[in-house]
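Asks: One structure, as structure tokens, below. Some questions next.
The values are calculated or read from the model by the stated rules, or taken from the named source; none is laboratory data. Here the structure is a predicted model, which means the values were calculated and not measured. Cβ coordinates were reconstructed from backbone atoms using ideal geometry, including for glycine residues, and neighbour counts include every protein chain displayed. SASA here: full protein model, heavy atoms, side chains in, ligands and nucleic acids out. Shrake-Rupley method; radii C 1.70, N 1.55, O 1.52, S 1.80 Å.
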Amino acid sequence: MHFQKKLGLGFIAFGIVAIVLAYLLTNSGAFVFSALIGLMAIFFGAFQLMISNLAQQTKSVAKPAAGKSKKARR
């Protein structure tokens with residue numbers, strides 16, 4: 001598993017935990033602030049997952065055989 005994928009899943013998990021804890025522990029405006037931090041973490045995690053998928057796609061694309069040349073014609 002790529003580092004970016006682990007990072008993305010970690011941020012998503014952190015965001016969910018932050019929102020749930022904020023909901024359980026607060027009753028005022030602190031919940032809104034904590035929920036926004038949790039949402040930012042979830043969106044950042046999703047962005048990291050998209051970058052990870054993009055990196056995997058670019059590696060799997062076949063590279064042109066520029067280094068291989070046919071017999072030199074003289």
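Asks: Can you tell me which residue within the stretch 1-12, out of those that are aliphatic (A, V, I, L, M) and either open to solvent by 50 Å² or more (accessible area, probe 1.4 Å) or more than 12 Å from Ala46 (Cβ to Cβ) (or both), is modelled with the lowest pLDDT?
Replies: Kept after step one, since they are aliphatic (A, V, I, L, M), are these residues of the stretch 1-12: 1, 7, 9, 12.
If we keep only those that are either open to solvent by 50 Å² or more (accessible area, probe 1.4 Å) or more than 12 Å from Ala46 (Cβ to Cβ) (or both) too, we end up with 1, 7, 9.
Values: Met1: 68, Leu7: 88, Leu9: 90.
Per the criteria, the residue is Met1.
Asks: A further question on this structure: With respect to Ser69, determine if the residue is of a type outside the set (D, E, K, R), at pLDDT below 90 and either within 25 Å of the chain's Cα centre (by Cα) or part of a helix (DSSP H, G or I) (or both).
Replies: Values: of a type outside the set (D, E, K, R): yes; at pLDDT below 90: yes; either within 25 Å of the chain's Cα centre (by Cα) or part of a helix (DSSP H, G or I) (or both): no.
It is false that Ser69 is of a type outside the set (D, E, K, R), at pLDDT below 90 and either within 25 Å of the chain's Cα centre (by Cα) or part of a helix (DSSP H, G or I) (or both).
Asks: Taking Gln56 as the residue in question, decide whether it is at pLDDT 85 or above and open to solvent by less than 90 Å² (accessible area, probe 1.4 Å). So that I can check it myself, show each step before the final result.
Replies: Numbers: at pLDDT 85 or above: no; open to solvent by less than 90 Å² (accessible area, probe 1.4 Å): yes.
In short, no.
Asks: Being more than 9 Å from the chain's Cα centre (by Cα) and open to solvent by 70 Å² or more (accessible area, probe 1.4 Å) is the filter here; which residues of the stretch 34-52 pass it?
Replies: Selection gives Leu36, Leu39, Met40.
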